[in-house]
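J.: I have a structure here, written as structure tokens, and I will follow up with some questions on it.
The values are calculated or read from the model by the stated rules, or taken from the named source; none is laboratory data. Worth saying up front: this structure is predicted, and the values here are computed from it rather than measured. Here the Cβ positions follow ideal geometry from the backbone for every residue, glycine too, while neighbour counts run over all protein chains shown.
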Amino acid sequence: MERPNWAPGDIDLERPSVARVYDYWLGGAHNFAADRAVAQKTLETMPELRGVVLNHRAFLRRAVRYLLAQGVRQFLDLGSGIPTVGNVHEIAQTTDPGAKVVYVDIDPVAVAHSRSLLDGNDHVSVLQADVRDWTGVLASDEVDKQLDFDEPVAVLMIALLHFVSDEDDPWGIVGGYRDRLSPGGFLAVSHAGYDESDIESDASVQARRIYDRNVTQMSFRNQAEFTSLFKGFDLVEPGVARVPAWRPESPADVEESGKRFPGFAAIGRKT
């Protein structure tokens with residue numbers, strides 16, 4: 001396979017990655033044949049999956065706008081992925097050109113493309129790191145350069161923690177970032193999952209099997225488990241909601257299917 005000029009030389013073109021499969025679902029162009037193959041196979045099994053992904057992305061936009069309205073001008077975007085239209089810095093710097101963002105991702109394609117795209121933007125830094133290593137992330141030069149934790153910082157974990165197993169302790173990871181925030185900082189999370197009363201469709205089960213086998217294992221969590229991630233935070237209205245139902249921009253955004261959406265969203269303010 002010919003290596004694209006934007007792909008770092010040590011990338012395995014035959015191994016799908018979370019960031020590049022997600023990029024394909026969002027309509028991006030920074031993915032390989034292996035990523036497209038597994039992404040398309042899951043879509044054929046569960047056609048509504050692209051809408052699920054787009055809803056998480058729409059929550060990111062609504063969350064950033066909400067946080068800007070609360071006076072937040074600093075954002076730590078964990079598991080940020082490959083830049084597409086509507087990224088955090090684009091939204092934030094439209095409101096305030098001085099807003100600061102640190103993007104963190106483990107995928108070298110996501111990091112390389114982000115750095116290329118953001119070259120010359122002094123208020124944005126890109127860090128290649130495993131977000132589970134919160135001590136390393138928080139001690140990095142990129143975070144130190146951009147973020148002042150004596151002022152409100154918003155930590156964003158959008159469509160991230162369902163890739164963190166219970167064994168890797170997502171609650172402990174969130175706690176590490178939480179403890180670095182000053183009172184008045186925020187945490188925004190969206191997460192795949194179902195409530196106990198939900199019945200997962202056969203198509204969803206099959207799509208998850210394809211993804212787990214070919215990309216990485218996912219850990220769906222129920223509403224109670226999701227809510228427990230916000231220990232030490234006061235949830236802002238409307239509290240925990242299905243992703244499309246968290247402060248929708250119009251009633252049309254939340255149709256009947258949105259009430260059964262396979263995932264939750266919330267924002268908490270550190271007390």
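J.: Determine, yes or no, whether VAL240 is modelled with pLDDT of 95 or more and either charged (D, E, K, R) or surrounded by 15 or more Cβ atoms within 10 Å (Cβ to Cβ) (or both).
T.: yes
J.: What do you reckon, is HIS123 over 25 Å from GLN93 (Cβ atoms) and of a type outside the set (A, V, I, L, M)?
T.: When the stated conditions are applied, HIS123 does not pass them.
J.: Still on this structure, I have one more. Within the stretch 59-134, which strands (runs of 3 or more DSSP E) (wholly inside it) include 1 or more residues that are more than 13 Å from the chain's Cα centre (by Cα), surrounded by 17 or more Cβ atoms within 10 Å (Cβ to Cβ) and charged (D, E, K, R)?
T.: Passing ranges, in order: 100-105.
J.: Just need a number here: residues in the stretch 188-209 that are of a type in the set (A, V, I, L, M, F, W, C), farther than 30 Å from LEU67 by Cα and either within 21 Å of the chain's Cα centre (by Cα) or surrounded by 17 or more Cβ atoms within 10 Å (Cβ to Cβ) (or both).
T.: So the answer is 1.
J.: Here's a follow-up. Checking ASP107 against (1) more than 26 Å from ASP35 (Cβ to Cβ); (2) touching a helix residue (DSSP H, G or I) at 6+ places or on another chain (Cβ under 8 Å); (3) charged (D, E, K, R), only one condition comes out false. Which one?
T.: All conditions pass for ASP107, except number (1).
J.: If you don't mind, another one. Given the options ALA188, ALA203, name the one that is touching a helix residue (DSSP H, G or I) at 6+ places or on another chain (Cβ under 7 Å) and at pLDDT 95 or above.
T.: That would be ALA188, the only listed residue that is touching a helix residue (DSSP H, G or I) at 6+ places or on another chain (Cβ under 7 Å) and at pLDDT 95 or above.
J.: Here is a follow-up. Of the residues ARG269, ARG221, which is at pLDDT 95 or above, charged (D, E, K, R) and touching a Phe, Trp or Tyr at 6+ places or on another chain (Cβ under 7 Å)?
T.: Residue meeting the stated conditions: ARG269.
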